[in-house]
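Step one of this worksheet: look at the structure below.
Nothing in this text is a laboratory measurement; each read-out follows from the coordinates by a stated rule. Computed from a predicted structure; not experimentally measured. Heads up, the Cβs are rebuilt from the backbone with ideal geometry, glycines too, and the neighbour counts pull from every protein chain shown.
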Amino acid sequence: MPEIEIYDSPAALADAAARRLAALASEHVAASGRFSLALSGGSTPRALHERLARPPLRDAIPWAKVLVFWGDERFVPPDHPDSNERMARETLLDHVPILPENLHPMPTVGQTPAEAAEAYGRTLRALLGDPPRLDLLLLGMGPDGHTASIFPGQPEAVAPGESPAIPVFDAPKPPPTRLSLSYRTINAARNVLLLVAGADKAAAVKAALEGSPDPARVPAGGVRPAAGTLVWMLDRAAAAELRAGG
Ligand code: 6PG
């Protein structure tokens, strides 16, 4: 069962997520010498990134031992305004002493989406094993229940495959062409934080967390790490429709 934590505001949620990320980074570096982290896109992570990019957390995280991956990416060049890589660089990675060779963005130029997903799968396997095991995967969720770039009714949501990363076409949230981690990689993670804020997501939160969610309709309900922790971190507005009252 996932843990559910409810915060008074999006700012309080971001504070708690940032502290948890920093604690996990220290734990994993102490235990294994490195910390593999996958970032998400969207607007919710911006507040988290800002907290990680300034003291005290910036100075507490062993950045030289952090490997950065992405949970999903829009299939646009890395300098495009829609790029998740660009957002992460601007809000976090350009401001911390991370090693450039430890950044592993999803490739989006010079090959087809299918080739790029294959290539990213090889990167994940080479660095994290098979299935790839991220130490921490950050995810968000859209009002339609999508997570990473797994959208309702799409092939990965209906019949998950074996590939570590997948190409995504016709996404209802623009831009339509994307790359995403597959459920296989998502559910092999050691820790997953699903950060969800806003009243427009309350119905999808309920659908993903109550009863037996159908991932084909609510893809975030398919996030169930086989041997890892899962924490849904919600603000009050996103938790408003949960039975317990949020
Ligand atoms: C993306 C995403 C996506 C996002 C959710 C929530 O690249 O679009 O990674 O899955 O996390 O849509 O986005 P918001 O935080 O903007 O609501």
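Observations on the model:
- Relative contact order of the range 103-246, defined on C-alpha pairs under 8 angstrom at six or more residues apart (%): 26 percent
- Taking every DSSP bridge with both residues inside the chain, close to 30 percent are antiparallel.
- Dmax and Rg, reported as Rg then Dmax, of the range 41-124 (C-alpha, Å): 13.4, 41
- Karplus-derived HN-Hα couplings along the range 46-62 (A = 6.51, B = -1.76, C = 1.60, θ = phi - 60°), whole Hz, x at Gly and Pro: 4, 5, 5, 4, 4, 5, 6, 8, 10, x, x, 5, 3, 7, 9, 8, x
- Compared with the rule-of-thumb size 2.2 N^0.38 Å for a compact globular protein, the range 1-159 has a Cα radius of gyration ratio of 1.04.
- Highest to lowest packing among 5-13, 228-236, scored as the average C-beta count within 10 Å: 228-236, 5-13
- Normalised by the number of residues in the chain, the average gap of Cα pairs under 8 Å and 6 or more apart makes the relative contact order 23 percent.
- Taking amide H as placed 1.01 Å from N in the peptide plane, the amide H of Met106 sits under 5 Å from that of Trp70, each at least 5 places away or on another chain.
- Extension gain, Ala226 to Ala30: 0.36 nm times the residue separation minus the Cα-Cα distance gives 68.2 nm.
- Whole-Å semi-axes of the ellipsoid equivalent to the range 157-246 (Cα gyration tensor, √5λ, descending): 23, 17, 12
- Compactness relative to 2.2 N^0.38 Å, alpha carbon Rg of the range 78-237: 1.02
- Note that the range 96-104 has calculated 3J(HN,Hα) couplings of 10, x, 8, 8, x, 6, 9, 8, 10 Hz, one per residue in order, obtained from phi through the Karplus relation 6.51 cos²θ - 1.76 cosθ + 1.60 (θ = phi - 60°); glycine and proline are x.
- When you restrict to C-alpha pairs under 8 Å that are six or more residues apart and normalise by the size of the range 1-72, the relative contact order lands at 40 percent.
- The range 2-21 versus the range 111-167: alpha-carbon centroid distance in Å: 24 Å
- In plain terms, the chain from His95 to Glu3 could stretch by 30.0 nm, reckoned as 0.36 nm per residue minus the Cα-Cα distance.
- Residues with amide H under 5 Å from that of Thr229, placed H, sequence gap 5 or more: Asn191, Val192
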